[in-house]
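The values are calculated or read from the model by the stated rules, or taken from the named source; none is laboratory data. Not measured: the values here are computed from a predicted model. Every residue, glycine among them, receives a Cβ derived from its backbone with ideal geometry; neighbour counts consider all protein chains shown. Ligands, DNA and RNA are stripped out before the accessible areas are found, and what is left, the full protein with its side chains, is counted by its heavy atoms. Shrake-Rupley method; radii C 1.70, N 1.55, O 1.52, S 1.80 Å.
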Amino acid sequence: MRRLPPLSAVRVFEAAARHENFTAAAGELGMTQAAVSHQIRVLEDRLGQKLFRRERQRVILTEAGRRAALRAGRGLDEIEAAFAELRAEDDGALTISTTVTFANTWLAWRLGRFQVSHPDIAVRLSADNHLTDFAAGDIDVAIRLGDGNWPELATHRLVTVDFTPMCSPGFLAAHGGTIALEDLPSLPLISPAEPSWTQWLHEAGLSAAVARPLSGVHLDTQANEGHAAMAGQGIAILTPFLWRQDMADGRLTQLFPQTSTLGQAFWLVYPEHRRRSPKIRRFRDWLEAEVKLTLASLQT
């Protein structure tokens, strides 16, 4: 078992020894002079010998203090170097976890821009629909769908998830170029049992249509539902934010101006104690700016 003095006291002693001045050491460490004097006394009491001589308005290292200061300085240099190396390794790579839909429809299309702007950070994207266990893995940040209530995590709301029916231009043309609201329940719907369909139809005044089960293929993610809609397989209930580029490029058509929401949002989350991590801060700032750009484009 190591018989080490308190590291806080060693740190104060090393600064005081370099300056041979308690006031200067206090200024460097962001402490009061009284606190520096107290830490030095703690160390001297533990060692059983004086490290400084007090002479009038100054302090002078004793011979024992001079020997200890030399080794303490070297030791703190080694500790600083060890953690600086770990910090550099950590800051050099960023692992992002998000849902399959958010990755495939939005983030993967833009992540290269972050890499170009931050070439010193290697980026890894992991897409799955399981909640991230930050304690068990090497994930730095996650983008998740929910209400933002995740204890011990820093949370940043990115965008509220709304939804509205969309289909391919070919599907729309095959049905006369326009689809009446009341005709929706009789058309091929993609994942019609989803709560988003129920919510949207209720708000559109078609509550009677969801009183009985609606027929249609069920797919496991909105990413798959959107691609099925683009392939002309039916009408999907999709989030405009995620499919903005496909709408702009003419692969998807929004059928009605109404959008609905279940109150959920996409959030950027990470452990609270990592809030000051430089790489996380850089990614957060970039991500929020990209979200704003997409939201602005939906309003033009």
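Only a single criterion out of (1) surrounded by fewer than 22 Cβ atoms within 10 Å (Cβ to Cβ); (2) of a type outside the set (Val, Ile, Thr); (3) in contact with a Gly (Cβ under 9 Å, 6 or more places away or on another chain); (4) not in a strand (DSSP E or B) is not satisfied by ARG157, namely (4). For the stretch 101-147, give me each residue that is assigned to a helix (DSSP H, G or I), of a type in the set (Val, Ile, Thr) and touching a Leu at 6+ places or on another chain (Cβ under 9 Å). Those that are assigned to a helix (DSSP H, G or I), of a type in the set (Val, Ile, Thr) and touching a Leu at 6+ places or on another chain (Cβ under 9 Å): THR101, THR105.
Does ALA16 satisfy the criteria of being under 25 Å from GLU78 (Cα atoms), in a helix (DSSP H, G or I) and free of Cβ contacts under 8 Å to residues at least 40 places away in the same chain? No: the conditions fail for ALA16. Among the criteria (1) in contact with a Lys or Arg (Cβ under 9 Å, 6 or more places away or on another chain); (2) surrounded by 14 or more Cβ atoms within 10 Å (Cβ to Cβ); (3) at pLDDT below 90; (4) within 23 Å of ASP77 (Cα to Cα), the one PRO6 does not fulfil is (2). Cβ-Cβ contacts under 7 Å between residues 6 or more apart (or on different chains), taken from a first residue in the stretch 273-289 that is over 12 Å from LEU94 (Cα atoms) and open to solvent by 10 Å² or more (accessible area, probe 1.4 Å) to a second residue that is at pLDDT 90 or above and in a helix (DSSP H, G or I), are listed as ARG274/ILE280; TRP286/PHE114; TRP286/SER117.
Does ARG144 satisfy the condition of being modelled with pLDDT of 95 or more, of a type in the set (Lys, Arg) and within 20 Å of VAL291 (Cα to Cα)? Criteria not met by ARG144.
If you go through the stretch 199-224 and keep only what is within 20 Å of PRO257 (Cα to Cα), open to solvent by less than 50 Å² (accessible area, probe 1.4 Å) and outside any loop (DSSP other than H, G, I, E, B), you end up with TRP200, LEU201, ALA209, GLN222.
Within the stretch 178-198, if we keep just the residues that are out of contact with any strand residue (DSSP E or B) (no Cβ under 8 Å at 6 or more places or on another chain), open to solvent by 40 Å² or more (accessible area, probe 1.4 Å) and touching a residue at least 24 places away in the same chain (Cβ under 8 Å), the residue that is nearest to ARG244 (Cα to Cα) turns out to be LEU181. Considering PHE134, PHE114, the condition of being touching a Pro at 6+ places or on another chain (Cβ under 6 Å) and either modelled with pLDDT under 85 or more than 29 Å from LEU219 (Cα to Cα) (or both) is satisfied by PHE134 alone. Check the stretch 168-177 and report whether any residue there is on the phi < 0 side of the Ramachandran plot and in contact with a Phe, Trp or Tyr (Cβ under 9 Å, 6 or more places away or on another chain). Within the stretch 168-177, none of the residues are on the phi < 0 side of the Ramachandran plot and in contact with a Phe, Trp or Tyr (Cβ under 9 Å, 6 or more places away or on another chain). Say whether the condition of being assigned to a helix (DSSP H, G or I) and at pLDDT 95 or above is met by at least one residue in the stretch 229-237. Yes: one or more hits.
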